[in-house]
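See below for the structure under consideration.
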Amino acid sequence: MPHEKYQSCIEACNECAVACTHCASACLEEDDVKMMIRCIALDRDCAAICRTASMLMSADSDFSEEICRLCAEACRACGEECRKHDTKHCRDCADACEYCAEECEKMAAAHAH
């Protein structure tokens with residue numbers, strides 16, 4: 001299976017997408033939702049990019065390397081924003097984002113043409 005070489009990155013992307021989706025939903029439950037707007041927006045973007053990266057890697061797409069580069073950027077931005085908030089869902093999300101960024105950076109570097 002061609003996607004096996006991407007397996008740890010695919011899993012990191014899937015876990016990050018779940019963490020970001022959960023974080024965005026939990027942010028909407030916070031008392032000061034206005035303070036969480038940037039976090040929610042980045043959660044949403046990051047989850048979408050992670051899901052896309054996972055799909056493309058699963059298909060052994062020619063765009064895997066590029067989407068993983070972009071995914072790492074989105075994960076870094078989202079993780080940075082989540083670190084500003086002292087809630088468990090933001091901390092957990094930041095951890096998932098940072099791990100996913102590392103996996104995506106490794107993947108993009110390893111599979112550069």
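Quick note: the coordinates plus some simple rules give every number you see, no bench work behind them. The model shown is predicted, which means the values in this text are computed figures rather than measured ones. Methodologically, a virtual Cβ is constructed for each residue, glycine included, from the backbone with ideal geometry; neighbour enumeration extends over all protein chains shown.
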- prompt: Which whole-angstrom value gives the distance between the alpha carbon centres of the stretch 58-86 and the stretch 18-54?
  reply: 13
message: Shape verdict for the chain, please, from the Cα gyration tensor: rounded (a/c under 1.5), prolate (a/b greater than b/c) or oblate.
response: prolate
- prompt: Between SER25 and THR87, 0.36 nm times their residue separation minus their Cα-Cα distance comes to what?
  reply: 21.0 nm
Within straight-line cross-link reach of LYS34, lysines at Cα separation under 26 Å, skipping those fewer than 8 residues along the same chain: LYS84, LYS88
query: For the chain, what relative contact order do you get, as a whole percent, if you take Cα pairs closer than 8 Å and at least 6 residues apart?
result: 33
- prompt: So for the pair ALA77, ALA109, with labels modelled 7 Å out along Cα→Cβ, what separation do we get in nm?
  reply: 2.2
message: Nearest 10 degrees is fine. How inclined is helix 37-58 to the longest principal axis of the chain, computing both from alpha carbons?
response: 20
- prompt: Using a cut-off of 24 Å between alpha-carbon atoms, which lysines can reach LYS5, once sequence neighbours fewer than 8 places away in the same chain are excluded?
  reply: LYS106
- request: Kindly provide the helix-only [θ] at 222 nm of the chain, computed as the sum of -39,500 (n - 2.57) over DSSP H runs of four or more divided by all residues, to the nearest 500 deg cm²/dmol?
  value: -26500 deg cm²/dmol
query: On full extension of the chain, what length is gained from ALA59 through MET35, given 0.36 nm per residue of separation minus the C-alpha to C-alpha distance?
result: 4.8 nm
- prompt: Expressed as an acute angle from 0 to 90° and rounded to the nearest 10, what is the orientation of the C-alpha long axis of helix 64-83 relative to the principal long axis of the chain?
  reply: 20
query: If we sort 69-79, 54-64 on the protection proxy, mean other Cβ atoms within 10 Å, highest first, what's the order?
result: 69-79, 54-64
